[in-house]
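Report on the following structure.
Bear in mind these aren't lab numbers, they're just calculated from the coordinates by the rules spelled out. The model shown is predicted, which means the values in this text are computed figures rather than measured ones. Quick reminder, even Gly has a Cβ in these numbers, built from the backbone with ideal geometry, and neighbours come from all protein chains shown.
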Amino acid sequence: MKKTPNDQGYKKSNKNSKSSANHTEKVLGFYRANRRMPSISEIMKVCGFASRSSAFYVVNKMASEGIIEKDSAGKIIPTSKMHELKVLGNIRAGFASPAEDELADTITVGEYLIRHKESSYLLGVEGNSMVGAGINSGDMVIFERGKSAKEGDIVVALTEDGYTLKYLRKKNGRAYLEAANSEYANIYPKEGEVIGVVTASFRTYK
């Protein structure tokens, strides 16, 4: 069958799309390995470009797709779209059920864990006083500074002995801090304040 100009144009466009996706993946690979976005010179190196214009094309392409953006200083930074994951649905932690390989949605991890980005902060956990709450040493917790705390919340509190992560409890009108580990005594601070309320925790597995 004789190829029409449209056929040739489609194949050329399809080839360019695959090439562009390949270059994007190389840039993302650099980011995953180095925890930062590459410079234009580094994009040239990882993609095998001889000219800076080709590297700028990849940057502009990724920006148009919402994967990256530039800050006020013109530095390339990732957007939340870079961290999107496919949600396949739910899985039982009890009795097994037939797996359903069906794409339900996409979501970013930050979008799921962080409710109010402007007031949320990360803390690394040291110690095992909150193991009963499923928070182990080495975990990361997200807390909201200034969030109104109520009894039973896990809070980041400042006492006369420093910062600590504990349950906020009240008894006879007096607030105190309780660990989720019976080896730790309750803390009845003479002075202090609740810095924020823990809204999420997470860990990685090797």
Pairs only if they're at least six apart or on different chains, beta carbon under 6 angstrom, first in the stretch 28-44 and in a loop (DSSP other than H, G, I, E, B), second surrounded by 13 or more Cβ atoms within 10 Å (Cβ to Cβ); list them, first residue then second. Met37/Tyr31; Met37/Ile76; Pro38/Phe30
In the stretch 158-172, what residues are more than 15 Å from Lys190 (Cα to Cα) and not in a strand (DSSP E or B)? Asn172
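Let's see how each residue does on (1) crowded, with 18+ Cβ neighbours inside 10 Å; (2) in contact with a Lys or Arg (Cβ under 9 Å, 6 or more places away or on another chain); (3) in a loop (DSSP other than H, G, I, E, B):
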{"position": "Tyr112", "(1), (2), (3)": "no, no, no"}
{"position": "Leu123", "(1), (2), (3)": "no, no, no"}
{"position": "Gly127", "(1), (2), (3)": "no, no, yes"}
{"position": "Gly132", "(1), (2), (3)": "no, no, no"}
{"position": "Gly152", "(1), (2), (3)": "no, yes, yes"}
{"position": "Val156", "(1), (2), (3)": "yes, yes, no"}
For the stretch 173-206, which residues satisfy the criterion of being within 25 Å of Glu111 (Cα to Cα) and in a loop (DSSP other than H, G, I, E, B)? Arg203, Thr204, Tyr205, Lys206
